[in-house]
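Asker: Quick one: this structure, given as structure tokens, is what I'll be asking you about.
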Amino acid sequence: MMVIDAHMHYGTDRTVAAHTCVPYLVSGEPESVIRLLDEQGASHGVLFPHDRRKTPPWDADYHEANAAVGEATRRYPDRITGVARIDPTFGAQHTCELIDRYVGEWNCRGLKLVAGYDFYRPKDMTVMGPLLDQAEQYDLTVLFHSGDAPRDLPYLQAQAAKAYPQVRFVLAHIGMHAYVWEAILACQEYPNIFVDMAQAYPFDIMTFIRNVSADRVQYGSDVPYQSPRVEQEKLRVIGLSEEELEKVFWRNAARIWGVDRTA
Ligand SMILES: [Zn+2]
């Protein structure tokens with residue numbers, strides 16, 4: 001079975017790194033990404049920075065962390081698809097300059113957003129509009145951390161998808177258990193919304209697939225925090241057909257992220 005891991009953080013804060021499931025995955029060491037892909041039998045990974053500003057606070061706009069992702073994608077373009085962590089509250093000009101640069105310099109394919117950490121509402125188009133205009137222009141996938149109140153909620157995020165029907169959106173974690181039904185409703189209403197199942201309970205993954213479709217969910221491990229072996233096993237114990245497994249393990253991610261399956 002081919003595998004694309006669609007939710008990979010490039011290491012984490014050094015205060016917690018040693019206590020994660022994959023302590024050897026470290027930002028600035030592209031070989032550690034390849035080792036992780038090989039160990040979980042994955043041909044490809046979608047890679048983005050740690051979600052929060054690292055402690056002590058630095059790299060406020062995540063540019064250094066994004067540059068490290070860019071370096072990894074340039075080193076291994078056939079294995080790694082790079083996504084930039086963006087805080088749109090820096091304003092239209094700074095946000096657009098960063099995205100232009102990432103697309104041009106390292107073929108950035110998506111934008112990771114965590115509104116709760118950066119303090120805005122995903123439906124606020126004064127903040128989100130310039131970023132979403134660029135996502136549409138460059139055909140970038142927009143990935144939301146999803147499932148934490150009050151800002152990272154699926155139905156708030158769905159309002160961005162409603163406003164930009166040509167842009168693909170991913171709600172990570174299927175709304176993180178408490179909001180799984182909000183993620184299901186969002187996907188039922190808007191065809192440009194997808195989810196990844198990183199951290200989701202097996203029953204929640206089943207519920208999503210039976211109420212939406214196996215075409216809209218992709219495998220993601222959420223390394224280094226979670227274990228790829230455990231995340232993969234969740235998909236193998238819920239009675240999916242071979243065809244559904246292929247969709248969830250790689251076909252959907254290849255489509256959503258524009259991964260070249262022949263590479
Ligand atoms: Zn994550």
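Asker: For residues in the range 205-233 being charged (D, E, K, R) and within 16 Å of the ligand (Cβ to nearest atom), which is nearest to Pro49 (Cα to Cα)? Can you show your working first?
Answerer: We begin by selecting, within the range 205-233, every residue charged (D, E, K, R); these are 210, 215-216, 222, 229, 231, 233.
Okay, now just the ones that are also within 16 Å of the ligand (Cβ to nearest atom), so 222, 231.
Details: Asp222: 11, Glu231: 20 Å.
Ranking the qualifying residues of the range 205-233, first place goes to Asp222.
Asker: Is it true that Arg251 is touching a helix residue (DSSP H, G or I) at 6+ places or on another chain (Cβ under 8 Å) and over 18 Å from Val83 (Cα atoms)?
Answerer: Criteria not met by Arg251.
Asker: Tell me, yes or no, whether the range 100-108 has at least one residue that is within 25 Å of Leu25 (Cβ to Cβ), buried (at least 24 other Cβ atoms within 10 Å of the Cβ) and modelled with pLDDT of 95 or more.
Answerer: Yes, the range 100-108 contains at least one residue that is within 25 Å of Leu25 (Cβ to Cβ), buried (at least 24 other Cβ atoms within 10 Å of the Cβ) and modelled with pLDDT of 95 or more.
Asker: Further question: Can you tell me which residue in the range 24-58 is surrounded by the most Cβ atoms within 10 Å (Cβ to Cβ), limited to those that are among the β-branched types (Val, Ile, Thr) and not in a helix (DSSP H, G or I)? Walk me through it before giving the result.
Answerer: Going residue by residue through the range 24-58, those that are among the β-branched types (Val, Ile, Thr) are 26, 33-34, 46, 55.
Still in the list and also not in a helix (DSSP H, G or I): 26, 46, 55.
On the way: Val26: 18, Val46: 26, Thr55: 10.
The residue in question is Val46.
Asker: Taking the criterion of being within 16 Å of the ligand (Cβ to nearest atom) and in a loop (DSSP other than H, G, I, E, B), would at least one residue in the range 109-117 satisfy it?
Answerer: yes
Asker: State yes or no: is Tyr179 within 16 Å of the ligand (Cβ to nearest atom) and touching a residue at least 60 places away in the same chain (Cβ under 8 Å)? Talk me through it step by step, then tell me what you get.
Answerer: Numbers: within 16 Å of the ligand (Cβ to nearest atom): yes; touching a residue at least 60 places away in the same chain (Cβ under 8 Å): no.
No.
Asker: If you check every pair at least six apart or on different chains, which have Cβ atoms under 6 Å apart with a residue in the range 127-146 that is β-branched (Val, Ile, Thr) first and a residue that is assigned to a strand (DSSP E or B) second?
Answerer: Listed by first residue and then by second, the contacts come to Thr141/Gly110; Val142/Leu111; Val142/Phe169.
To keep it simple, each residue is scored yes or no on (1) more than 23 Å from Val248 (Cβ to Cβ); (2) in a helix (DSSP H, G or I).
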| site | (1), (2) |
| --- | --- |
| Ala68 | yes, yes |
| Glu71 | yes, yes |
| Val83 | no, no |
| Arg121 | yes, no |
| Gln134 | yes, yes |
| Leu156 | yes, yes |
| Gln166 | yes, no |
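Asker: Anything in the range 126-162 that is crowded, with 20+ Cβ neighbours inside 10 Å and of a type in the set (Asp, Glu)? List them, or say none.
Answerer: Scanning the range 126-162 gives a single hit, Asp152.
Asker: Do we find that Leu98 is touching a residue at least 24 places away in the same chain (Cβ under 8 Å), hydrophobic (A, V, I, L, M, F, W, C) and under 18 Å from Met197 (Cα atoms) in this structure? First the steps, then the outcome.
Answerer: Numbers: touching a residue at least 24 places away in the same chain (Cβ under 8 Å): yes; hydrophobic (A, V, I, L, M, F, W, C): yes; under 18 Å from Met197 (Cα atoms): no.
No, not satisfied.
Asker: With the condition kept exactly as written, say whether any residue in the range 242-258 is part of a loop (DSSP other than H, G, I, E, B) and either among the aromatic types (Phe, Trp, Tyr) or within 16 Å of the ligand (Cβ to nearest atom) (or both). Talk me through it step by step, then tell me what you get.
Answerer: To start, the set of residues in the range 242-258 that are part of a loop (DSSP other than H, G, I, E, B) comprises 258.
Right, trim to either among the aromatic types (Phe, Trp, Tyr) or within 16 Å of the ligand (Cβ to nearest atom) (or both) and you get none.
Checked the range 242-258: no residue is part of a loop (DSSP other than H, G, I, E, B) and either among the aromatic types (Phe, Trp, Tyr) or within 16 Å of the ligand (Cβ to nearest atom) (or both).
Asker: Can you pull out every residue in the range 2-21 that is of a type in the set (A, V, I, L, M, F, W, C) and part of a loop (DSSP other than H, G, I, E, B)?
Answerer: Residues of the range 2-21 of a type in the set (A, V, I, L, M, F, W, C): 2-4, 6, 8, 16-18, 21.
Hits for the range 2-21 are Met2, Val3, Ala18, Cys21.
The values are calculated or read from the model by the stated rules, or taken from the named source; none is laboratory data. The shown structure was predicted, so the numbers you read here are calculated from the model rather than taken from an experiment. When we count neighbours, we look across all protein chains shown, and the Cβ atoms used for this are built from the backbone with ideal geometry, even at glycine.
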